[in-house]
Amino acid sequence: MPSESQPNAGVRRPDGGRLSVADRLDDDHFPAYTMGRAAELVGVTPAFLRALDGAGLITPARSEGGHRRYSRHQLKLAARVRELVDRGTPADAACRIVGLEERLEQVERDYEELRRQGGRAAHPHQ
């Protein structure tokens with residue numbers, strides 16, 4: 001059973017096996033950081049991170065005790081919002097911009113995957 005110090009320690013791979021510690025450490029989406037550590041790394045207050053959660057940009061995982069846990073990917077998003085806010089962009093607009101940037105990156109990844117699949121379908125013997 002995962003503990004607060006080891007969130008998602010029981011996380012499983014799609015094939016049903018458990019993820020190794022190395023796999024979890026390499027996973028940008030593994031919620032490894034407590035709120036305090038996440039805020040320290042990004043250079044913001046915990047209230048700033050809670051505001052990003054409230055805005056729907058970042059939804060941290062929760063430990064069994066209900067404590068927020070952030071992934072490296074989420075910290076990158078928070079850092080991008082902070083960068084925009086530091087340049088004078090209102091926080092709500094910064095959250096919308098970062099959300100749109102995220103969606104665009106996902107669409108580009110999806111497009112590239114479809115393009116690769118289309119290439120394999122057109123050349124099935126490669």
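The values are calculated or read from the model by the stated rules, or taken from the named source; none is laboratory data. Keep in mind the model is a prediction, meaning the values are calculated, not measured. No Cβ is skipped: glycine too gets one built from the backbone with ideal geometry, and neighbour counts run over all protein chains shown. Calculation scope for accessible area: heavy atoms of the full protein, side chains included, ligands and nucleic acids excluded. Shrake-Rupley method; radii C 1.70, N 1.55, O 1.52, S 1.80 Å.
Kindly provide the set of residues from region 34-89 that are of a type in the set (G, A, S), farther than 21 Å from L100 by Cβ and either open to solvent by 50 Å² or more (accessible area, probe 1.4 Å) or not in a loop (DSSP other than H, G, I, E, B) (or both), ordered by number.
Correct list: G36, A38, A39, A47, A61.
E108 satisfies every condition listed in (1) open to solvent by less than 100 Å² (accessible area, probe 1.4 Å); (2) more than 25 Å from V44 (Cα to Cα); (3) modelled with pLDDT of 95 or more except (1).
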